[in-house]
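Colleague: I have a structure here, written as structure tokens, and I will follow up with some questions on it.
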């Protein structure tokens with residue numbers, strides 16, 4: 001009769017320990033790197049920023065939040081409790097569609113309240129669109145939207161701040177909107 005072969009036991013804990021140490025080193029290394037890499041990068045005074053075909057001149061003292069910005073798509077500027085988000089994307093359809101979606105999102109999902117109706121705006125460079133103000137329990141904001149039919153693009157600007165510091169930061173946000181144009185070469 002044939003006897004089954006006896007399997008020689010071997011230790012598995014050294015391999016398992018090596019895998020656990022490698023995973024811990026990887027996760028720990030990423031955490032360490034994340035702590036060393038600042039999310040905010042200060043901007044040089046007078047430095048124009050280009051995002052797609054949009055250009056703007058940030059107000060003094062604002063910094064780029066690289067963790068919330070996406071190259072060629074969005075730019076988040078931060079100063080104190082103020083946040084200034086510029087988003088550039090493709091547009092198709094009517095000019096009112098993206099604005100209606102944004103307002104529904106703010107009211108129904110984010111629980112914000114719109115103040116008044118949307119109004120038209122034109123900045124000194126001829127960029128024109130619509131804007132509205134909003135507020136919530138802890139923040140107040142203003143939203144601008146520009147539809148560039150020629151380039152089939154949509155530019156949305158969302159500025160918000162803590163309720164206490166909104167008025168001061170709004171002056172700088174308005175200056176940044178006034179500095180924008182849509183003539184940057186792609």
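Colleague: Is it true that some residue in region 100-115 is buried (at least 19 other Cβ atoms within 10 Å of the Cβ), in contact (Cβ under 8 Å) with a residue 24 or more places away in the chain and farther than 27 Å from residue 48 by Cβ?
Modeller: yes
Colleague: Please enumerate the residues belonging to region 84-99 that are in a strand (DSSP E or B) and either exposed (fewer than 11 other Cβ atoms within 10 Å of the Cβ) or touching a helix residue (DSSP H, G or I) at 6+ places or on another chain (Cβ under 6 Å) (or both). Before you say what the answer is, go through the steps one by one.
Modeller: Taking region 84-99 and keeping what is in a strand (DSSP E or B), we get 84-90.
Scanning region 84-99 gives 84, 90.
Colleague: What number goes with the only condition from (1) over 30 Å from residue 72 (Cβ atoms); (2) surrounded by fewer than 10 Cβ atoms within 10 Å (Cβ to Cβ) that residue 23 does not pass?
Modeller: With (1) over 30 Å from residue 72 (Cβ atoms); (2) surrounded by fewer than 10 Cβ atoms within 10 Å (Cβ to Cβ) applied to residue 23, the lone miss is (2).
Colleague: Still on this model: In region 146-184, which residues are assigned to a loop (DSSP other than H, G, I, E, B) and in contact (Cβ under 8 Å) with a residue 40 or more places away in the chain?
Modeller: 149, 151, 152, 180, 182, 183, 184
Colleague: Could I ask something else about it? Within region 116-136, which residues are loosely packed, with under 10 Cβ neighbours inside 10 Å, modelled with pLDDT under 90 and assigned to a strand (DSSP E or B)?
Modeller: If the condition is that a residue be loosely packed, with under 10 Cβ neighbours inside 10 Å, modelled with pLDDT under 90 and assigned to a strand (DSSP E or B), then 116, 117 are the ones that fit.
Colleague: A follow-up question, please. Hey, can you tell me all the residues within region 37-69 that are within 17 Å of residue 127 (Cα to Cα) and assigned to a loop (DSSP other than H, G, I, E, B)?
Modeller: Across region 37-69, the qualifying residues are 48, 52, 53, 57, 58.
Colleague: A further question follows. Looking at region 108-155, which of its residues are out of contact with any helix residue (DSSP H, G or I) (no Cβ under 8 Å at 6 or more places or on another chain) and more than 24 Å from residue 57 (Cα to Cα)?
Modeller: Listed by number, the residues that qualify are 108, 109, 110, 111, 115, 116, 117, 136, 137.
Colleague: Please state which of the following conditions residue 72 fails to meet, knowing it meets all the rest: (1) modelled with pLDDT of 85 or more; (2) part of a loop (DSSP other than H, G, I, E, B); (3) under 20 Å from residue 153 (Cα atoms).
Modeller: Only one criterion is unmet by residue 72, namely (1).
The values are calculated or read from the model by the stated rules, or taken from the named source; none is laboratory data. All figures in this text were calculated on a predicted structure; none of them were measured in a lab. Ideal geometry is used to build each Cβ from the backbone, glycine not excepted, and the neighbour counts take in all protein chains shown.
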